[in-house]
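The values are calculated or read from the model by the stated rules, or taken from the named source; none is laboratory data. Everything quoted here is computed from the prediction, not taken from an experiment. So basically every Cβ, Gly included, is an ideal-geometry build from the backbone, and we count neighbours across all protein chains shown. For the accessible areas, the whole protein counts, side chains as well, though only heavy atoms, and no ligand, DNA or RNA atoms are used. Shrake-Rupley method; radii C 1.70, N 1.55, O 1.52, S 1.80 Å.
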Amino acid sequence: MARVGETRRREPDTPAVASAAEPAKASAWQRFNAHSPRYRIALVAWIASVFLIPASVLLQSPAATGVAIVLTWLAIHNFRRVDARERRAQADADPADAGPDAPAVR
């Protein structure tokens, strides 16, 4: 009976070679760091605020839960504003990458 490593075309420990047709995809950390500091802070605040609601429920206080919901809403609202601002700035900087169905700027 053949071993699994011998039946494959390449050894499992060897890294895959990226061909010229396939550009190397950036990691999640690289994509995160490519954004502005304001975007990164807003995203981290949103993710952290999501954990406030279950934590406030454990306190069994309706006031704490209400505050957690409001803070989460504010974090989401702020992130969406920052994201829209960054997308607009990126589209203004490079209109060629806007895509074929993007509205023409007059």
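Our coupling estimate for region 75-91, obtained by passing each phi through the Karplus curve with A = 6.51, B = -1.76, C = 1.60 and θ = phi - 60°, is 5, 5, 4, 5, 4, 5, 5, 5, 5, 5, 5, 5, 5, 4, 5, 5, 5 Hz, Gly and Pro reported as x. Seen from Ala84, the other residues with C-beta closer than 13 Å to its C-beta sum to a net charge of +3, counting Lys and Arg as +1 and Asp and Glu as -1. Among the protein heavy atoms of region 34-76, carbon and sulfur supply 81% of the accessible surface, probe 1.4 Å, non-protein parts ignored. Across region 31-38, rounded Karplus estimates of 3J(HN,Hα) from the backbone phi angles (6.51 cos²θ - 1.76 cosθ + 1.60, θ = phi - 60°) give 5, 4, 6, 6, 7, 5, x, 4 Hz, Gly and Pro being marked x.
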